[in-house]
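Values in this text are rule-based calculations from the coordinates and carry no lab data. Remember, predicted model here, so these are calculated numbers, not experimental data. All Cβ positions, glycine included, derive from the backbone under ideal geometry; neighbour counts span all protein chains shown.
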Amino acid sequence: MRWRWLLVLPVALALVLVATASRLQVFWWPEQLHDVTTGSQGAPLEVSDAWEDAEGHEQRRDLTVTLLEVVPATQVEGFSGPEPLVPVAGSAVWEVRLRLEVDPEVPLGGCEVSLVDTRGREAAAAGMMLGESSVPGPTCEPEGRTGPQYDGSRLEGDRPRPPTYAVSVLVVTDDDAVPDRVRLWWEAPDVAEISVRD
Amino acid sequence: MGRGLTTGLVGLGLLATGSLLQGWLPDDDADPGAEPHVRSGGVGDRIDLRTATVTVDEVLGTTRVEQYGSELVSPGLWVVVRYTVVATEENTPITFAELGDADGRVWGLVGRNANACTESPPGLAAHCTVFVEVPPDALPTLQLRLARLSRDTRFDAMAEIDLGLTRADAEAFATAPAYAVPAPSLGDDDLGDDDLGDDDLGDGEAS
Amino acid sequence: MAIARRHPWLTATTLALAVALLLTTVLGGWARSTPDGAVSVAPGTAVDAMPFRVRLDEAAAGFTLDGRDAEPGQAFIVVTGQIESMAPESVTSTPLTDAITADLSSSYDQFGSPTEVPEPGVRVAADGSSLLGLGPGLLYDVQVTFVVDEDSVPDRLTVTLLEHTRRASALDGDLGWYDAAPVARLTLDVAPLPAVRPEPEGF
């Protein structure tokens, strides 16, 4: 009869595995973008994105985003206006043009954009120096026309944001990258993923 | 009397073994699964850090470095390491760097030490420089450790590079000229002299 | 041993005294100490204020520091000396700032705000750079600086050195240097301010 205790072993092992997997649940999973809304270039995509305000209450932002085009970027904002982008060996810069339709009172600060290529590599839009050019980080609001900040305040001197507008986001990749999808998100886990038309 | 003694001795033996084992097993705070996964190599080796590769290109040393127009003079030696990061899957910054020797001494990105780097988009090389001041006697066993996140190196891969320095290097570094730390850069372009300093032509124009 | 058996109380007292003497010797001797446990030392003495070894030599008051002028109505007190870290790993600026204080009224922190407990700036004498943390095995010639009201510059400065304990943080378990406690005190003559405040540059 004693050998029956051996049957407990696999159960115990399974329990140990599950218990240690809790680390995945607590640390890793919530940081991943796994609530995906998919769309395709040219088609308006309705996105509903959850965020938490300063008091911890859940808010939602609802917007319609259309991927207009992904094209090689030719200029970048310099100190005194647009400057031509000087190519840097091994690199490419893409202009991701998005049209957003959203209530002007919805906060849109801190948006993230990335370009996934046909090899599945994901290049993030981020502020960086590329040669002599300063490539800005992503923004989803027009220059000088912003909605509210997350604490309810507004940027001094900015005019109200129009209900419909287009923005360009620059993404630096290597010169092998062939854009396949654009990802747009604010916080995990919600993300919009829009395929680039060939 | 005999049986009691035996029982007592066995009991003591078990207690001793138990407490020995307890000391040997990891406690609540230790987290062996979370230790960074160390990948070792030497100067010139391409080391895989899961989302990027890092390669140490050059190791230099001096008593004076220049950055942002200021000179930093060390009572020891500045060890300057030029390295390249190439992301494979996603943008990868290298923000953790430290030097360590065989005696367990560690010099981190604290004080005047700094890591001049920029994140690498997939496939696009980032050229970085880390400079750390150390005592000359550390050079013969000095290793550089690089990792992606400075906040928390748990769950991550870490490169550990033997810098291959000797006492002869320590002597040479002590008399080397001042080194102007280059700004981090992206791409395949030759690096040139785009340093983080003022123009040194003396004509008042920034380079 | 027959004596011991016959005079147990005497023996016990003698033994106790011997142990007390032994312990006191081992723990640091009969040094002159102040109420908080800090030992008085002369200027120029190297003091172990863990994780640092600090030697402070001289103090002087001035209106400029490395080409930088003090704010109107304020002045610098600069103490020259040496600092080295005895810790095996790099130490950040917080234990360094917390390791040194002085008996100054009206002192200002590095951002210019008045501060109750005088906070030093620590600069590397060779190049004027701020020493915001340091690694093992490096002996720095330093200037320890305080910012005070011009009218409150003292003739003598008593500097207190504090030691820290290496332990795990209560918050996140990370090892660090905490619980600063005074370990030594020294008094320095302060070389007085120049008679005339120099004109600010560039006017």
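Can you list residues whose amide H is under 5 Å from A:Trp51's amide H, if they're 5+ apart or on another chain and H is modeled 1.01 Å from N?
Amide H neighbours of A:Trp51: A:Gln59, A:Arg60, A:Arg61.
Using Cα-Cα distances under 8 Å and only pairs 6 or more residues apart, what relative contact order does segment A:140-198 have, in percent?
Values: 50 pairs, mean separation 13.7, N = 59.
Answer for segment A:140-198 is 23 percent.
Taking a cut-off of 22 Å, what percent of all Cα-Cα pairs in segment C:57-161 are separated by more than that? Before the final figure, lay out the partial values.
Details: 1476 of 5460 pairs.
Across segment C:57-161, Cα pairs with separations above 22 Å total 27 percent.
Can you run phi through the Karplus equation (6.51, -1.76, 1.60; θ = phi - 60°) for segment A:163-171 and list ³J(HN,Hα) in whole Hz, with x for Gly and Pro?
Rounded to whole hertz, the list is x, 9, 6, 10, 10, 10, 10, 9, 10.
Where is the GNM fluctuation largest for chain A (alpha-carbon springs, 10 angstrom cutoff): A:Arg161, A:Arg145, A:Arg181?
Among A:Arg161, A:Arg145, A:Arg181, the largest mean-square fluctuation in the Gaussian network model of chain A belongs to A:Arg145.
With Cβ to Cβ distances under 12 Å as the rule, what net charge do the other residues near A:Ser134 carry (K, R +1; D, E -1)?
So the surrounding residues net to -3.
With Rg and the Kirkwood Rh both taken from Cα atoms, where does Rg over Rh land for segment A:35-195?
Working: Rg = 16.0 Å, Rh = 16.5 Å.
That ratio equals 0.97.
As a test of the formula, what do you get for chain C when each DSSP H run with n ≥ 4 contributes -39,500 (n - 2.57) and the sum is divided by the residue count, at 222 nm and rounded to the nearest 500 deg cm²/dmol? All intermediate terms of the calculation are to be shown ahead of the outcome.
Details: 3 runs with 30 residues, N = 203.
After summing the helix terms and dividing by residue count, I get -4500 deg cm²/dmol.
What are the ³J(HN,Hα) values, in whole Hz, obtained from phi via the Karplus relation 6.51 cos²θ - 1.76 cosθ + 1.60 with θ = phi - 60°, for each residue of segment A:144-156 in sequence order, with x given for Gly and Pro?
Each residue of segment A:144-156 in turn: x, 9, 10, x, x, 7, 6, 8, x, 6, 10, 6, 4 Hz.
Springs between alpha-carbon atoms under 10 Å, Gaussian network over chain C: tell me which of C:Leu157, C:Leu21, C:Leu132 tops the mean-square fluctuations.
Of C:Leu157, C:Leu21, C:Leu132, the most mobile in the Gaussian network model is C:Leu21.
Nearest 500 deg cm²/dmol is fine: what mean residue ellipticity at 222 nm does chain A get from its DSSP H runs of n ≥ 4 alone, each adding -39,500 (n - 2.57), divided by its residue count?
On the way: 1 runs with 16 residues, N = 198.
The helix-only estimate for chain A comes to -2500 deg cm²/dmol at 222 nm.
Reported to two decimal places, what Rg/Rh ratio describes the protein assembly as shown when computed on Cα atoms with Rh from the Kirkwood expression? If you can, show how the numbers build up before the last one.
Values: Rg = 31.4 Å, Rh = 29.8 Å.
Rounded to two decimals, Rg/Rh equals 1.06.
For B:Glu90, enumerate residues with amide H under 5 Å from its amide H, sequence gap 5+ or separate chain, H modeled in the peptide plane.
The answer is A:Glu122.
Over the residues of chain C, compute the C-alpha Rg and express it relative to 2.2 N^0.38 Å.
Values: Rg = 21.9 Å, N = 203, 2.2 N^0.38 = 16.6 Å.
Taking N as the residue count of chain C, the ratio is 1.32.
Only Cα pairs within less than 10 Å get springs; with that Gaussian network setup on chain A, which residue of A:Val169, A:Val11, A:Val116 has the largest fluctuation?
Ranking A:Val169, A:Val11, A:Val116 by mean-square fluctuation puts A:Val11 first.
Could you state the angle between the C-alpha long axis of helix A:8-23 and the longest principal axis of the C-alpha atoms of chain A, as a value from 0 to 90 degrees rounded to the nearest 10?
20
On alpha carbon coordinates alone, what is the Rg over Rh value for segment C:106-203, Rh being the Kirkwood radius? Mind dumping the intermediate values first?
Numbers: Rg = 17.1 Å, Rh = 16.6 Å.
In segment C:106-203, Rg relative to Rh is 1.03.
Based only on other Cβ atoms within 10 Å, what is the fewest-to-most ordering of B:Ile94, B:Ile47? The partial results should precede the final answer.
Numbers: B:Ile94 24, B:Ile47 21.
Fewest-to-most ranking of B:Ile94, B:Ile47: B:Ile47, B:Ile94.
For segment B:36-184, place one equal point scatterer on every Cα, skip the solvent, and apply the Debye formula. What is log10 of I(q)/I(0) at q = 0.10, 0.14, 0.16 Å⁻¹?
So the normalised log intensities work out to -0.31, -0.62, -0.81.
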